Every structure is written in structure tokens, then in C-alpha cells.
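Q: Following this message is one structure expressed as C-alpha cells.
Just so it is clear, none of the values below were taken in a lab; they were calculated from the coordinates. Remember, it's a predicted structure, so these values are computed and weren't measured experimentally. In this analysis, Cβ positions are derived from the backbone assuming ideal geometry, glycine residues included, and neighbour counts consider all displayed protein chains.
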Amino acid sequence: MKFRPTANPDVIVIEPDVHRDDRGFFLESYHQEKYRAGGLDAVFVQDNHSCSQRGTLRGLHSQLEPAQGKLVRCLRGEVFDVAVDARVGSARFGSWVGERLSGDNHLQLWIPPGFLHGFAVLSEEAEVEYKVTAPYRPEGEIAVAWNDPAIGIEWPLAEPLLSARDAAAPLLSEVQDRLPRT
């Protein structure tokens, strides 16, 4: 199992050891001691699973109260997964990192509390599963515009399918007073 920091070292790509043979493959999708040794010492309290069609963009979302970290993986299909540093005072505030996650590459992305998260579906359909460190509380969640020019995410699609909420999400600067401080 490999743990690789991204351009923002708080966001980590996890590459599990995949054991393949004629029958298929086997991997450990989570192992507490190995993850702790790799620098990810989180307690997960809930698993979420979504299925989306090509062109869907979910995000950018963050749960602030209680703060929620996410360990994301794509079980089937392919997504472009993004984390945005939304911690006011961070040297990387407003910067983003992106990683292609797929059912073929088995990569995972650790998105710490205080980051926004979103993904775009690149395959016909994609199933995404993520472990979270705090239970979902709608009143503690914020959304930020997927195409905020101040963030400048280079999404691999031009006209995504959005929920009404995501289509109307404010800019990062408009929610800055609600964001965590470092």
C-alpha cells in the first residue's frame, strides 16, 4: 500500500496493493493500522455510496459542523475527483488538487476536514463510495460554485449535469466568513 501526498500534502492519494489472478482481484480497501502508519489517522463513522451518469458533477461541498474528512474511491467507472483547501489562513487557501479515480486503478483520495470536495463523472456511469469522519448534517454543510474563477479548477468537461443546489452555489469569497480558520 502506497501513500502519496499531492500538491497539497494534506490531501493524500492511497494506492492499495491489488492482487490479481485469473479469477479477478483482491485488495484491502481499508486497514486501520496501515492507514495510520501511512499518515491517515482518522476514525470513520459512516459510509456513503453514489451512482451517477456521464457528465454529472457533484460539488463542491464541505461539511463544517461537525467537520468531516472523506476517504473517496470509485468502485466502477471513472471520475475526476477534486479537493479544494477552504481553510482560511492556510498557505494553500483556494488551491485545488485533482485525481482520476476509477474501478480499474483502485486509487483512493483522502480529503481532510476543512476542504471542499467534488467529482465529475467521465465514464458512462460511475459508482463512488466514501468513508466520512462525521455523520452527515445538512445544516452544517456548505456548497461553493464548481466553476468559481478564483479557484480555477480545470474540470475535464465543459457543461456538466448539476443539481439545482450546485448550479446556484455561491463563490468561495461569498462564504468565506463561514469557513474554518487555521
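Q: Which cross-chain or sequence-distant (5 or more) residues have an amide H under 5 Å from the amide H of Gly38, H modelled 1.01 Å from N in plane?
A: Here the answer is none, since no amide H 5 or more places off falls under 5 Å of that of Gly38.
Q: If Lys and Arg each add +1 and Asp and Glu each add -1, what is the summed charge of the other residues whose beta carbon sits under 10 Å from the beta carbon of Asp10?
A: Details: positive: Arg87, Arg92; negative: Asp85.
Its environment carries a net charge of +1.
Q: Next question. Most fluctuating residue of Leu161, Leu116, Leu60 in a GNM of the chain with Cα springs under 10 Å: which is it?
A: Maximum fluctuation in the GNM of the chain, among the listed residues, is at Leu161.
Q: Going by how many other beta carbons lie within 10 Å of each one, how would you line up Cys74, Cys51, fewest first? Don't skip to the answer; put the middle values down first.
A: On the way: Cys74 28, Cys51 13.
The order, fewest Cβ neighbours first, is Cys51, Cys74.
Q: Calculate one ³J(HN,Hα) per residue across the stretch 168-182 by plugging θ = phi - 60° into the Karplus curve 6.51 cos²θ - 1.76 cosθ + 1.60, and present them in order as whole Hz with x for glycine and proline.
A: 9, 5, x, 6, 4, 5, 7, 10, 4, 5, 9, 7, x, 10, 9
Q: A further question follows. Apply 1/(1 + (r/R0)^6) to the Cβ-Cβ distance of Ala150 and Thr6, taking R0 = 25 Å, and write down the FRET efficiency to the nearest 0.05.
A: Numbers: r = 20 Å, r/R0 = 0.79.
Efficiency at R0 = 25 Å is approximately 0.80.
Q: Still on this structure, I have one more. Residue-wise, which Karplus ³J(HN,Hα) couplings in Hz belong to the stretch 127-132, taking 6.51 cos²θ - 1.76 cosθ + 1.60, θ = phi - 60°, and x for glycine or proline?
A: Result, ordered by residue: 10, 10, 10, 8, 8, 10 Hz.
Q: Let me ask something else. Could you give me the ³J(HN,Hα) list for the stretch 110-120, computed from phi with Karplus coefficients 6.51, -1.76, 1.60 and θ = phi - 60°, whole Hz, x at Gly and Pro?
A: Karplus-based 3J(HN,Hα) across the stretch 110-120 equals 8, 10, x, x, x, 10, 7, 9, x, 8, 10 Hz.
Q: May I ask you to compute the full-extension gain from Arg100 to Ser173, defined as 0.36 nm times their residue separation minus their alpha-carbon distance, rounded to one decimal in nm?
A: Numbers: separation 73, 0.36 × 73 = 26.28 nm, distance 2.71 nm.
Net length gain for the segment: 23.6 nm.
Q: Also, I was wondering about something else. For Thr182 and Ser29, compute 0.36 nm times the residue count separating them, minus their Cα-Cα distance, and round to one decimal in nm.
A: On the way: separation 153, 0.36 × 153 = 55.08 nm, distance 3.07 nm.
Going from the current span to full extension adds 52.0 nm.
Q: In percent, how large is the relative contact order of the chain, given Cα pairs closer than 8 Å and 6 or more residues apart?
A: Working: 421 pairs, mean separation 52.4, N = 182.
Computed value for the chain: 29 percent relative contact order.
Q: The list [x] 15.0, 41; [y] 15.9, 54; [z] 19.0, 63 gives values of Rg and Dmax of the Cα atoms in Å, and only one came from this structure; which label was calculated from it?
A: Read-out taken from this structure: [y].
Q: Taking the Cα centroid of the stretch 94-159 and of the stretch 6-34, what is the distance between the two, rounded to the nearest whole Å?
A: Cα centres, the stretch 94-159 to the stretch 6-34: 18 Å.
Q: Taking the Cβ of each residue in Glu78, Glu154 as the centre, tally the other Cβ atoms inside 10 Å and list the residues starting with the fewest. Display every interim value, and only then the final one.
A: Numbers: Glu78 22, Glu154 8.
Lowest to highest Cβ neighbour count: Glu154, Glu78.
Q: Among the aspartates and glutamates, which fall within straight-line cross-link reach of Lys34, defined as a Cα-Cα distance under 20 Å, with same-chain neighbours fewer than 8 residues apart omitted?
A: Cα-Cα hits under 20 Å: Asp10, Glu15, Asp17, Asp47, Glu129.
Q: In terms of modelled amide H atoms, which long-range or inter-chain residues lie less than 5 Å from the amide H of Leu60?
A: Here the answer is Val144, Trp146, since their amide H atoms fall under 5 Å of that of Leu60.
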